[in-house]
Amino acid sequence: MESVTLPPIHEDRSALDLAAIRADFPGLNQLVHGKPLVFLDSAASAQKPRAVIDALSDAYTKNYANVHRGVHTLSQNATTAYENARAVGARFLGASSADEMVFVRGATEAINLVAQSFLAPRLTAGDEVLVTRMEHHSNIVPWQMVCEALGARVVPAPIDDHGALDLDAFEQRLGPRTKMVSVVHVSNALGTVNPVAEIVRMARERGIPTMIDGAQAAPHTAIDVQALGCDFYTISGHKVFGPTGIGLLYGRRERLADMAPYQGGGEMIQSVSFEGSSWAPPPSRFEAGTPHIVGAIGLGAALEYVSAIGLDRIAAHEHDLLHYAEERLSTLPQVRLIGTAPGKAAVVSFVVEGIHAHDIGTILDAEGVAVRAGHHCAQPAIEHFGLAATARASFALYNTRSEVDGLVDAIGGALEIFGV
Ligand code: PLP
């Protein structure tokens, strides 16, 4: 924590000092089409605080060298910083040891790794992987690839018309053929927060391994993998204010120890000969080749940054924004919210009667308001509502109520342009 410059905070510990937080994010302070940027696309990728930008710059300018290989000072310093970031990740996720943390490119790579290294050798024809209908494609396709090759199948648990998981239906689908449960913690398309502790409990009672996709949870929710009891959990660096191309996979120690490597190469071996090679212990076993050293250091800085502010306070602020946005949007009868599960996170997917989601995105952009339009890489979830696309405003710790006003005013402008 020493290297992080803490943002000043109000006397009232429950409120965030938004002016100070926004000053930490240089990317927020710009004009788009001559209008002040209103950045409401953090679920796709979040802006970066100065603490992360400085950590990246320092790692490249002061202590850059390859890790784990050199006896020289710079290599040792880089190795210390890289391994320190792993320890920060372990603390952030509540793992019992840094050895349970594997650096990956992001949530996508983590799920592919678990599908290939953990599940594939344990899967036979007729087996099932249970997911939900609200999954991001990255928590569907990697399992399908493994299943299709082995005659197994991916089974989706249904969601209701608020976008909440039908937990009874989920439990009914847990059977002797279920070889893996993999569920999103917070849905990127609907904002639904899944009861992951309950889901893991149901699976564990039946001896079924569990993976949680926490890509959207990490920026908003405190995570404790030991309390959850899951086998695997993943986060993406760029969603939690860190760099792109880096993420973390938590794997329970005994699971990782029982898995063969996903990729071969340097750094992941114990010994190599032409008669055969043996693997290093986890996590090195799963980090073949030169890793994204500087990205990992930047991710460590990002996790320290959000931890220093406090995830509880961040969640309280985002809930305030969510409720304010819902209240203001409810004054526009042409707007329909998609995803209204109780206790949801600050992701507001919506459609506007008579205007295509992409047109909404374009008109809002002209006002400096950045939202996402499309299926959000969650086609089955969006199709559940009979839609091909929604517009999506996603909030982060740096957003303000006046930005919600900016969003609502810009939608009002779109209604006028289209005359609806
Ligand atoms: N899971 C969820 C819920 C996501 O929102 C995303 C990205 O949008 C991913 C997984 C994939 O993350 P990445 O592309 O960083 O690997």
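Comparing 46, 366, 78 in a Gaussian network model of the chain, where Cα atoms under 10 Å apart are tied by springs, the biggest mean-square fluctuation is seen for 366.
Solvent-accessible area of the chain (1.4 angstrom probe, protein heavy atoms only): carbon and sulfur portion equals 52 percent.
Roughly speaking, what is the stretch gain from residue 31 to residue 160, that is 0.36 nm per residue apart minus the C-alpha to C-alpha distance, in nm to one decimal? Working shown, then result.
Details: separation 129, 0.36 × 129 = 46.44 nm, distance 4.01 nm.
Roughly 42.4 nm would be gained on extension.
By the compact-protein rule of thumb, 2.2 N^0.38 Å, the alpha-carbon radius of gyration of the range 53-308 corresponds to a ratio of 1.02. For the range 344-389 versus the range 37-71, the inter-centroid distance based on Cα atoms is 30 Å.
Two numbers describe the Cα atoms of the range 149-244: Rg and Dmax, which are 13.9, 41 Å. Taking label points 7 Å from Cα along the Cα-to-Cβ direction, residue 205 and residue 312 give a separation of 3.0 nm. Computed from backbone phi, the HN-Hα couplings of the range 89-100 come to x, 4, 5, 4, 9, x, 6, 7, 7, 5, 5, 8 Hz, rounded to whole numbers (Karplus: 6.51 cos²θ - 1.76 cosθ + 1.60, θ = phi - 60°; Gly and Pro given as x).
Quick one: if the Förster radius is 41 Å, what FRET efficiency do residue 64 and residue 260 give, using the C-beta to C-beta distance and rounding to 0.05? Mind dumping the intermediate values first?
On the way: r = 32 Å, r/R0 = 0.79.
With R0 = 41 Å, the Cβ-Cβ based efficiency is 0.80.
Per residue, the solvent-accessible area of the range 53-308 (1.4 Å probe, heavy atoms of protein chains only, all protein chains present) comes to 39 Å². Have a look at the DSSP beta bridges in the range 53-308 and tell me what percent are antiparallel, nearest 5. Around 50 percent antiparallel, to the nearest 5. Under the simplified labelling scheme, the residue 153-residue 15 pair shows an inter-label distance of 5.6 nm, with each label point 7 Å from Cα along Cα→Cβ.
The values are calculated or read from the model by the stated rules, or taken from the named source; none is laboratory data. Since the structure is predicted, the reported quantities are computational estimates derived from the model, not experimental observations. With ideal geometry, Cβ positions are generated from the backbone for all residues, glycine too; neighbour counts draw on all protein chains shown. To get the accessible areas, we keep the full protein, side chains included, count just its heavy atoms, and leave off ligands, DNA and RNA. Shrake-Rupley method; radii C 1.70, N 1.55, O 1.52, S 1.80 Å.
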